[in-house]
1. Identify the residue in the range A:57-72 that is facing chain B (nearest Cβ under 10 Å) and part of a helix (DSSP H, G or I) and, among all such residues, is surrounded by the fewest Cβ atoms within 10 Å (Cβ to Cβ).
2. When the range B:185-203 is examined, which residues are found to be more than 7 Å from chain A (Cβ to nearest Cβ) and in contact with a helix residue (DSSP H, G or I) (Cβ under 9 Å, 6 or more places away or on another chain)?
3. Tell me the residue from B:167, B:172, B:194, B:143 that is surrounded by 21 or more Cβ atoms within 10 Å (Cβ to Cβ), aliphatic (A, V, I, L, M) and at pLDDT 95 or above, please.
4. Out of the residues in the range B:18-34 that are within 10 Å of chain A (Cβ to nearest Cβ), among the hydrophobic types (A, V, I, L, M, F, W, C) and surrounded by 19 or more Cβ atoms within 10 Å (Cβ to Cβ), which is nearest to residue B:166 (Cα to Cα)?
5. Quick check on my filter: what residues within the range B:50-69 are more than 21 Å from the chain's Cα centre (by Cα), assigned to a helix (DSSP H, G or I) and charged (D, E, K, R)?
6. Which of (1) within 7 Å of another protein chain (Cβ to nearest Cβ); (2) in a loop (DSSP other than H, G, I, E, B); (3) under 30 Å from residue B:45 (Cα atoms) is the odd one out, the single condition residue A:79 does not satisfy?
7. Please go through the range B:106-120 and give me each residue that is in contact (Cβ under 8 Å) with a residue 12 or more places away in the chain and more than 8 Å from chain A (Cβ to nearest Cβ), ordered by number.
8. Inside the range B:138-184, can you point out the residues that are in a helix (DSSP H, G or I) and within 8 Å of another protein chain (Cβ to nearest Cβ)?
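The values are calculated or read from the model by the stated rules, or taken from the named source; none is laboratory data. No experiment lies behind these values; they were computed from the predicted model shown. Using ideal geometry, Cβ is built from the backbone for each residue, glycine included, and neighbour counts are taken over all protein chains shown.
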Amino acid sequence: MRLERELTCREIVELVTAYLEDALSAADRERFEEHLVFCDGCGNYLEQMQETVRLAGRVTEEIPAELEARLLEAFRGWRP
Amino acid sequence: MDDASLVAALHAGDEGAFRDLIRLYGPGMLRVARMYVSSRAVAEEVVQEAWLGVLKGIGRFEGRSSLKTWVFRIVANTAKTRGQREARSLPFSAFGDEDEGATVSADRFLGDGTRFPGHWAAPPASWAPLPEGSLLADETMQVVQRAIDRLPPAQRAVLTLRDVEGVEADEVCNALDLTETNQRVLLHRARAKVRAALEEYLQ
C-alpha cells in the first residue's frame, strides 16, 4: 500500500539533481520514476538538465594572457 | 599525459607542460578563488600564489588524489586564507549571497485553484529534435558561459568544479568545505539557472 501522495511537477523539478546524484531514498526514487512514466514535461525537464550538464562540460575558457605570462615567469624562477 | 608524467615533466622544468596545465585549470581556479575573495584582481593573485604552492609541494604529491583535485584543493585553501584576511570577506562567504526558493518560476505551474495544482502549465519542450550543431554552436556556448558568469560565487564554484572540470562530488565537498547536501543544493540551483538561460535562448 502506498501512503505517500504522488509528487507534483513543481516538486519533481527540485529533486532532479538529487535524482541524478543518486541521493534519493529508494522510495522517493520510485515515486520520481513513476511520475516520469506519465509526465512528458518532467521527462523533458530532466533531459534539459542532463543536456545542460553536458554543455557545461564543453565550456572552454582562457586564462588572462597577463596572468599566464606572470605564471610562466614564476615557473622559470622555480627550481624543483 | 597522465598525472605521473605531468609531475615528472614539471620536475624536469618542462615549461610547455606547465603552460598546458595552467591553461587547463587556470579558468576554473579563478572561479573557485572568486568564491572567497572580492575581486577578479585578488582572485588572480590567489591563483598565482596557489601555483607557487603547487610547485613547492609537487615533491610531496603522492597521487592519492588526482593532480586536478589536488590543484583545486590548494587554490581553495589559498583563497580561503586570503578571504579571511580581506576586510570585506564576510559578504563573499560561501552562503552570504546565495538565494533560496524554487528554481523554476511559479507561473510555469498550475495554481491551487486548478484541477492539477503543481503540475505544468507551461511544460518544457524537448531539445532532442535540435541538431547537435545548434546545441554546440558558439552562440549557444556563449549563453552557457554567460549564465555561469552570472551565478552567485559559491554556485559558480561548485558548477565549475563538478560540470566544467569534472571533479567528483566528494572531492568538491572536501576542497570547498561543504556538506554533501550543501554541495548538491548549490549544484542544483546553478544547473537550474543555466538550464533556464538555455531554454530561453533555444525556444
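1. Ranking the candidates gives A:66 first.
2. B:185, B:186, B:189, B:190, B:192, B:193, B:196, B:197, B:200, B:201, B:202
3. Going through B:167, B:172, B:194, B:143 in turn, just one is surrounded by 21 or more Cβ atoms within 10 Å (Cβ to Cβ), aliphatic (A, V, I, L, M) and at pLDDT 95 or above: B:194.
4. Within the range B:18-34, the match that is nearest to residue B:166 (Cα to Cα) is B:29.
5. Scanning the range B:50-69 gives B:56, B:60.
6. Every condition holds for residue A:79 apart from (1).
7. The answer is B:107, B:108.
8. Passing the criteria: B:140, B:141, B:144, B:145, B:148, B:159, B:163, B:164, B:169, B:180, B:184.
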